[in-house]
């Protein structure tokens, strides 16, 4: 399943590993969390700051996976890590446009922060492609066909179809950018919803029509991003009033936690189920 190898002669993996090491600096976002707790920083920065700290703390492990491990599952964890980092960078670009920047940006201008985040997102995307290509080179058999049960296909496709209505988040984004009443904390889950809804079409087609490891990998990645997005919704719903399309108000409506909470659980169950089935099929086909 996984072999230990030295990748010192592979320059593209060196690039990916070095970029991951640089993400250690995101631990500095812990000061933003402290500022929010003290009431000195806007609450909408809480979720991205927590994600930054998690990304920073896990960076050494991901760098080790890239540098020393070539197994499919360590590569998949790395791809998910880069995908979450990429989405969070893109979302933070949007948040930077509508909210007062936290102290963790060291007083940089809004345009300079946007440029830094955009470059980081581009490097995340480049590293994502590098690791994906390397995974296929290391595991050519992963591109082979493996049967999926009809029940599994139907369940995944139906669940993906049910994510398309997440485009309902478009009015939230419009409200926030137009200076409306919706709290900026809802921008991150709203942007995430658009990404997940758009990727749903790819999942529907791929899981219904295609076979092979990358169908499974992309679906697992999509589920992981959906879990990340639902978690951001839970933060927004628990800390700020609901958007106008969900009833508005002046205080958090904890009833709005039930829908994203239950969907997060279902995403997680699908993730575990598909991962276990993939492992079972890999052993069966050996």
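The values are calculated or read from the model by the stated rules, or taken from the named source; none is laboratory data. Keep in mind the model is a prediction, meaning the values are calculated, not measured. Heads up, the Cβs are rebuilt from the backbone with ideal geometry, glycines too, and the neighbour counts pull from every protein chain shown.
Any idea which of 191, 257, 264, 239 is under 16 Å from residue 51 (Cβ atoms), without any contact (Cβ under 8 Å) to a residue 40 or more places away in the chain, outside the structural domain of residue 80 (by TED's automatic domain parsing) and in contact with a helix residue (DSSP H, G or I) (Cβ under 6 Å, 6 or more places away or on another chain)?
After applying the criteria, what remains is 264.
What are the residue pairs meeting all of these: first residue in the stretch 149-161, first residue over 15 Å from residue 275 (Cα atoms), second residue in a helix (DSSP H, G or I) and modelled with pLDDT of 95 or more, Cβ atoms under 6 Å, and 6 or more apart or on different chains?
That search, which allows pairs on different chains as well, returns 157/204; 160/200; 160/203; 160/204.
Can residue 12 be described as crowded, with 19+ Cβ neighbours inside 10 Å, in contact with a helix residue (DSSP H, G or I) (Cβ under 7 Å, 6 or more places away or on another chain) and closer than 22 Å to residue 125 by Cβ?
So residue 12 fails the test.
Quick one: which residue in 112, 42 is within 21 Å of residue 177 (Cβ to Cβ), touching a residue at least 24 places away in the same chain (Cβ under 8 Å) and surrounded by fewer than 22 Cβ atoms within 10 Å (Cβ to Cβ)?
42
Looking at the stretch 38-53, which of its residues are in a helix (DSSP H, G or I) and over 21 Å from residue 186 (Cβ atoms)?
If the condition is that a residue be in a helix (DSSP H, G or I) and over 21 Å from residue 186 (Cβ atoms), then 53 is the only one that fits.
Just to be sure I understand, how many residues within the stretch 59-73 are modelled with pLDDT of 90 or more and surrounded by fewer than 19 Cβ atoms within 10 Å (Cβ to Cβ)?
Counting residues in the stretch 59-73 that are modelled with pLDDT of 90 or more and surrounded by fewer than 19 Cβ atoms within 10 Å (Cβ to Cβ) gives 3.
Assess whether residue 99 counts as being at pLDDT below 90 and surrounded by fewer than 19 Cβ atoms within 10 Å (Cβ to Cβ).
no
Quick check on this structure: which one of 199, 234, 269, 221 is crowded, with 20+ Cβ neighbours inside 10 Å and within 19 Å of the chain's Cα centre (by Cα)?
Answer to the selection: 221.
Are any of the residues in the stretch 268-283 in the same structural domain as residue 196 (by TED's automatic domain parsing) and under 27 Å from residue 33 (Cα atoms)?
Looking through the stretch 268-283, at least one residue is in the same structural domain as residue 196 (by TED's automatic domain parsing) and under 27 Å from residue 33 (Cα atoms).
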